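Notes follow the structure.
The values are calculated or read from the model by the stated rules, or taken from the named source; none is laboratory data. What you see is a predicted model; the values in this text were computed from it and never measured. Cβ placement follows ideal geometry from the backbone for every residue including glycine, while neighbour counts extend to all protein chains displayed. Just the protein is used for accessible areas: all its heavy atoms, side chains included, with ligands, DNA and RNA removed. Shrake-Rupley method; radii C 1.70, N 1.55, O 1.52, S 1.80 Å.
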Amino acid sequence: MATELKDRIGIVEGDITTMDVDAIVNAANTTLLGGGGVDGAIHRAAGPELLEETRRIGGCPTGEARVTKGYRLPAKWVIHTVGPIWTGGDKHEDVLLANCYRNSLGAAVEVGAATLAFPSISTGAYRFPLERAVRIALKETKSFLEADQTVQKVIFVCFGGEVYRAYQEALDEVFD
Ligand code: ADP
């Protein structure tokens, strides 16, 4: 049973904008109007229609998620979630980051996405400690997949070797 669940998790190094999955998650900011990092890369790859749609949505609170189409991306959907800015850990950062994963998975279920790719939310410009963030990502995803069969596969797309190694290290700890 534990092995079966672990088989539904993938960890790859690469660029999330190239992922051929039903939905990719964007680490957005509360304005949903684009920005740097993965957010900028997703907007560039999806094309200007994405910004038109996110502008209509009008923003998203930290920890929540909003769905748009993927436009020129291989992915059919983009799930925009807003990670917490790390300010030392006493501003509910852990809970808010867990909410991002749970709400993004919930949004994937709503659109019927069977395959979903996540970036490492909050660990870039928002400075959330990487080892801590990957454990939250994996634990939250594990609990969700245990209770839901819509999302068959979740892929963590790691931008660089450091993020990739952090996920690999935490995977056995969380899933065994
Ligand atoms: P945040 O503001 O939530 O910290 P960032 O985009 O600054 O978001 O960083 C989140 C993570 O996304 C970091 O690990 C960063 O290296 C990674 N990242 C940046 N570009 C891409 C991309 N094209 N595909 C996947 N991950 C990316």
- Message: For segment 150-172, give me each residue that is modelled with pLDDT of 95 or more and out of contact with any strand residue (DSSP E or B) (no Cβ under 9 Å at 6 or more places or on another chain).
- Response: T150, E162, E169, A170
- Message: Just to verify a result, which residue in segment 133-176, among those that are among the aromatic types (F, W, Y) and farther than 14 Å from V12 by Cβ, is most open to solvent (accessible area, probe 1.4 Å)?
- Response: F144
- Query: Which residue out of C158, C100 is in contact with an Asp or Glu (Cβ under 7 Å, 6 or more places away or on another chain), under 25 Å from G35 (Cβ atoms) and either of a type in the set (V, I, T) or within 16 Å of the ligand (Cβ to nearest atom) (or both)?
  - Reply: C158
- If you scan segment 40-58, which residues turn out to be crowded, with 16+ Cβ neighbours inside 10 Å, more than 10 Å from the ligand (Cβ to nearest atom) and not β-branched (V, I, T)? H43, A46, L50, L51, E53
- Query: Has segment 12-22 got at least one residue that is part of a loop (DSSP other than H, G, I, E, B), open to solvent by less than 30 Å² (accessible area, probe 1.4 Å), out of contact with any strand residue (DSSP E or B) (no Cβ under 8 Å at 6 or more places or on another chain) and of a type outside the set (S, T, N, Q)?
  - Reply: no
- Message: Here are the criteria: (1) assigned to a helix (DSSP H, G or I); (2) within 14 Å of the ligand (Cβ to nearest atom); (3) in contact with a strand residue (DSSP E or B) (Cβ under 8 Å, 6 or more places away or on another chain). Tell me which single one L145 does not satisfy.
- Response: (2)
- Message: One residue is enough: does segment 95-115 have a residue meeting the conditions touching a residue at least 24 places away in the same chain (Cβ under 8 Å), β-branched (V, I, T) and not in a helix (DSSP H, G or I)?
- Response: yes
- Name the residue, out of G112, G106, G10, G14, that is away from the ligand (no atom under 12 Å from the Cβ) and on the phi > 0 side of the Ramachandran plot. G112
- From the list T18, T30, T68, which residue is closer than 27 Å to K91 by Cβ, among the β-branched types (V, I, T) and touching a residue at least 12 places away in the same chain (Cβ under 8 Å)? T30
- Task: Scan segment 30-39 for residues that are surrounded by fewer than 21 Cβ atoms within 10 Å (Cβ to Cβ) and either in a loop (DSSP other than H, G, I, E, B) or more than 7 Å from the ligand (Cβ to nearest atom) (or both) and jot them down.
- Result: T30, T31, L33, G34, G35, G36
